[in-house]
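The values are calculated or read from the model by the stated rules, or taken from the named source; none is laboratory data. Every value quoted in this text rests on a predicted model; they were computed, and no experiment measured them. Backbone-built Cβ (ideal geometry, glycine too); neighbour counts: all protein chains shown. Keep in mind that these areas ignore ligands, DNA and RNA; they rest on the heavy atoms of the full protein, side chains included. Shrake-Rupley method; radii C 1.70, N 1.55, O 1.52, S 1.80 Å.
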Amino acid sequence: MQRLIFNSAALTILLSITSWSHAADPPPNIVFIFTDDHCEQALSAYDPSRITTPNLDRIANEGMRFDRCYVTNSICGPSRAVIQTGKYSHLNGFIRNGNRFNGDQQTFPKLLQAHGYQTAVVGKWHLASTPQGYDYYDVLKGQGPYYNPPMITAGEDGQPITQKHVGYTTEIITDKLLNWMTEKRDPSKPFMVMYQHKAPHRNWMPAPKYLNWLDDVTLPEPATMYDDYSGRTQAAGRQTMTMRHHLNPRDLKLQGHGTMTPEQIKVWDAAYGPKNAAFEKARATMSEKEILQWKYQRYAKDYLRCVKSVDDGVGQVLDYLDTAGLSDNTIVIYSSDQGWYLGEHGWFDKRWMYEESLKTPLLIRWPGHVKPGTINDDIVSNLDFPETFLDVAGVDIPADMQGKSLVPILEGKTPDDWRTAFYYQYYENPGGHNVARHYGVTNGQHKLIHFYALEGKKIDDWELFDLKEDPNELRSVFDDPEYAEVQQYMKSELKRLRKQYAVSPDDDPGRARRNKPKKQAGQK
Ligand code: CA
């Protein structure tokens, strides 16, 4: 007991010293760089087999690469709502795309603002309601196109106004971010800015300068590209996200120009016209497998071309931080709203609790705090992002936030009680790509998934994976007697986490559909 008291007193002294030293330093700036649907397979700090991303890699080389950053609900809007609130979807109210974010609730930018931070969001917002808690916002209207995006900002009277732009969206977002940093920011205050790209979201339309980049390359195919979905329950086979059947002519650039101007169309057609003509000519004699292989090359290359523009933009921002003398006292975070299938299992898209979409890239540079070139494999999550931002800024983390600050991990001191298992839940069915509703738990070694609703009907399908033996998750061992104890243990972990995170025991498959979005302010 005596030892406990001593330790607690020592801890109090240590904490006061820590807060004192925090107060003496100017508060760090926070640059949160965020993309949409960018997977580790297309980021060379994780996987150099298909693309080189020197600027994103710079963040990893000068900071920490996280190898197990899991999202709580692998889809765009919900991931963004988790990052605003530090709460799972069932508590922040944004459980599927098409919901409208309740901006009146507690969010991390509001808390930073209350502590003297200047806050801004530039680029993709995708939460339907007007951003709250930001001194400045300039965001894409809805999903946003790749070319000539309308964007919403506050007018002189503070009311949202829509402005038109001509150009490539990724480049426009970078220009706007740099413009805010140089022209609009108050240099006397610390800042937190969210620099958020639409890229590389479907339908992967590259910038003019990259339309022919990678033309002479043949990309390696993923090991699971020809998956036949045996070895798992019905859900994996009943989705509608295969490259083989579900990429449409616009996805494949065989038709359509989206929102381009006549001049942009001319450049586009000069690049895709000859490539498409060659494919159409050969198509009649190509086997089904050869057509799938062509689709993969076309789709993956366009995706990588979009990533390339993101990487260029990140380079410009890092260079600006250097030039402005801001790099030393700025934490730079790179992440995406979820992972993605770049052909693995024959798929595009996300949503599943399977590894490629459960994981998202996370790179963090924070000079003086993070040892350059560190790789971490603790189980972290987008649920932890807002708590981390608050902690970095020296702001108390509200007790009702459900994640944890990553600051101790960044400083090389993972707490003894850090999470060893992670809870996931996906709700959007009926919905795009027909992925069944499911929830589950993983501890990095095993993963238990319960599919509970498909096409508006209740189902009761379970999968269990041994991630060490079967990292590609091709064979569920749920019914294997050898895994009876593992199954029992993972079920107890699932029960424990559902209780800890206050998950409702009965997710009504109709409820999400009834939460219809309202129009965003400024939308017609
Ligand atoms: Ca997304």
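Structure summary
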{"read-out": "Radius, Kirkwood style, for the chain when every pair of distinct Cα atoms is counted (Å)", "value": "24.0 Å"}
{"read-out": "Potential lengthening between Leu467 and Tyr226 on full extension [0.36 nm per residue; Cα-Cα distance subtracted]", "value": "84.8 nm"}
{"read-out": "Extension gain from Val217 to Tyr489, taking 0.36 nm per residue of separation minus the Cα-Cα distance", "value": "93.2 nm"}
{"read-out": "Dipole magnitude (debye, nearest 20) for the chain, charges at Cβ of Lys, Arg, Asp, Glu", "value": "1580 debye"}
{"read-out": "Set of lysines with alpha-carbon distance to Lys124 below 17 Å, sequence-local pairs under 8 removed", "value": "Lys141, Lys164, Lys176, Lys198, Lys519"}
{"read-out": "Whichever lysines have a C-alpha closer than 29 Å to that of Lys281, once near sequence neighbours (fewer than 8 apart) are set aside", "value": "Lys209, Lys253, Lys266, Lys289, Lys295, Lys301"}
{"read-out": "Cβ-derived FRET efficiency at R0 56 Å, Asp25 paired with Arg238, nearest 0.05", "value": "0.55"}
{"read-out": "Calculated from backbone phi, Karplus (6.51, -1.76, 1.60) coupling profile of the range 157-171 in Hz, x at Gly/Pro", "value": "8, x, 7, x, 10, 9, 10, 8, 9, 10, x, 8, 4, 4, 6"}
{"read-out": "Values of log10 I(q)/I(0), in the order q = 0.18 Å⁻¹, for the range 423-500 under a Debye, Cα-only, solvent-free model", "value": "-0.75"}
{"read-out": "Heavy-atom accessible surface of the range 423-500: percent carbon and sulfur, 1.4 Å", "value": "47 percent"}
{"read-out": "Packing-based ranking, highest mean first, of 454-461, 172-179, 312-319 given that Cβ atoms within 10 Å are counted", "value": "172-179, 312-319, 454-461"}
{"read-out": "Net charge over other residues, Cβ less than 10 angstrom from the Cβ of Leu454 (K, R count +1; D, E count -1)", "value": "+2"}
{"read-out": "Sum of side-chain charges, Thr170 neighbourhood, beta-carbon under 12 Å (Lys, Arg +1; Asp, Glu -1)", "value": "+1"}
{"read-out": "Proximal charge balance of Gln132 [Cβ under 9 Å; K/R count +1, D/E count -1]", "value": "0"}
{"read-out": "Spatially close lysines, pair count over the range 423-500: Cα under 16 Å, gap of eight or more or interchain", "value": "4"}
